[in-house]
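Reviewing the structure listed below.
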Amino acid sequence: MDRKMFSGNRYMTKGIQTFLRPDLQILLWDLIDGLDVEKDYLQVFKLEMKEEDLKLTHQQENPDYSVSYTVKVDHPSIHQEEKIFVIDDGDYATMMFASEY
């Protein structure tokens, strides 16, 4: 029986829990849930502060997908460019900073 990608339990690393605001964690999960293309097991998010705004780019390889958003944030938890991976291993999905991989 095939399971729908990113429909199982969801986890995050200590780094995400500590350094990424909860509202941004929820936003990333919502962007994955809202994908209208077939989902790759690896979802990649690039976050970069641009003055008062957060530029967020959501990507996957297969099928090729990339879209960028600008998010207004009052108190950013990101102060440098960050890359976040969300990996579905078939049983559960884990959100982590690329540096934690």
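Please verify whether the range 86-98 includes one or more residues that are touching a Lys or Arg at 6+ places or on another chain (Cβ under 6 Å), in a strand (DSSP E or B) and under 22 Å from residue 8 (Cβ atoms). Yes, that holds for at least one residue. Scanning the range 1-43 for residues that are assigned to a strand (DSSP E or B) and surrounded by 18 or more Cβ atoms within 10 Å (Cβ to Cβ) returns 12, 43. Which of the residues that make up the range 72-99 are surrounded by 14 or more Cβ atoms within 10 Å (Cβ to Cβ) and either of a type in the set (Asp, Glu) or at pLDDT below 95 (or both)? 73, 76, 77, 78, 82, 88 - these are the residues of the range 72-99 that are surrounded by 14 or more Cβ atoms within 10 Å (Cβ to Cβ) and either of a type in the set (Asp, Glu) or at pLDDT below 95 (or both).
Residues that are surrounded by 13 or more Cβ atoms within 10 Å (Cβ to Cβ), assigned to a loop (DSSP other than H, G, I, E, B) and at pLDDT 95 or above: does the range 53-64 have at least one? Within the range 53-64, not a single residue is surrounded by 13 or more Cβ atoms within 10 Å (Cβ to Cβ), assigned to a loop (DSSP other than H, G, I, E, B) and at pLDDT 95 or above.
The values are calculated or read from the model by the stated rules, or taken from the named source; none is laboratory data. Bear in mind that the values here come from a model prediction, so they are computed numbers and not experimental data. So basically every Cβ, Gly included, is an ideal-geometry build from the backbone, and we count neighbours across all protein chains shown.
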